[in-house]
């Protein structure tokens, strides 16, 4: 017989306060965590309400933090960031707000550095195959089509 811990409303609330204070979370992550703790829907609603009221949970702040992190650390483009935020049920307003965290100049510099670094790693000699490999890589990371193809044509003649 497997024993799973049960939580009182107060214990669960405290646990989720720590969970949200540790790093920014979206509503979906918090609800999943509470379901994993076997909380009933009424308790989940009450705890999420408390976390929002006490400012532990803020989707706009989450969207901004997520955008900054994925852009600066993982070098993701806007398309990938938007796709990932949508998967987390973030509203269009908050997604737009998050994307404002990226400065255009820094965005283009990142694309340039990432393209050049990846190009050095590609061993392909056929220029067409080389272009395709670089394009696939950049598009997967969520960079916009027109930026990707302009950059490839600039780097590979």
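Laboratory data are not the source of any read-out in this text; all were calculated from the coordinates shown. Here the structure is a predicted model, which is why all the values come from computation and not from measurement. As a convention, Cβ positions derive from the backbone with ideal geometry for all residues, glycine included, and neighbour counts pool all protein chains shown.
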Seminar exercise, completed: Tilt, helix 9-22 to longest principal axis of the chain (alpha-carbon atoms), in degrees rounded to tens, equals 20
Seminar exercise, completed: Each label sits 7 Å from Cα toward the beta-carbon; between residue 140 and residue 5 the label points are separated, in nm, by 3.9
Exercise. Do the sum for the chain: with -39,500 (n - 2.57) for every DSSP H run of n ≥ 4, divided by all residues, what is the mean residue ellipticity at 222 nm, to the nearest 500 deg cm²/dmol?
Worked result: -22500 deg cm²/dmol
Exercise. Does the range 9-53 come out rounded, prolate or oblate, given a ≥ b ≥ c as the square roots of the eigenvalues of its C-alpha gyration tensor, rounded meaning a/c under 1.5 and, failing that, prolate meaning a/b above b/c?
Worked result: rounded
Seminar exercise, completed: In degrees, nearest 10, the alpha-carbon axis of helix 78-87 is tilted away from the dominant principal axis of the alpha carbons of the chain by 30
For this session: With a/c under 1.5 counting as rounded, go ahead and sort the range 1-94 into rounded, prolate or oblate using the C-alpha gyration tensor (a ≥ b ≥ c being the square roots of the eigenvalues; past the cut-off, prolate if a/b is larger than b/c, else oblate).
Result: prolate
Exercise. Hey, rough spin-label estimate for residue 55 and residue 21, points 7 angstrom out along Cα→Cβ, what's it come to in nanometres?
Worked result: 1.4
Problem set entry | Nearest-ten-degree value, helix 127-140 long axis tilted from longest Cα axis of the chain | 20
For this session: Would you please put 121-133, 51-63 in order of how densely packed they are, using the mean number of other Cβ atoms within 10 angstrom per residue and starting with the highest?
Result: 51-63, 121-133
Problem set entry | Fewest-first sequence of 72, 80, 157 by Cβ atoms within 10 Å of each Cβ | 157, 72, 80
Exercise. For 115, 65, what's the fewest-to-most ordering of other Cβ within 10 Å of each Cβ?
Worked result: 65, 115
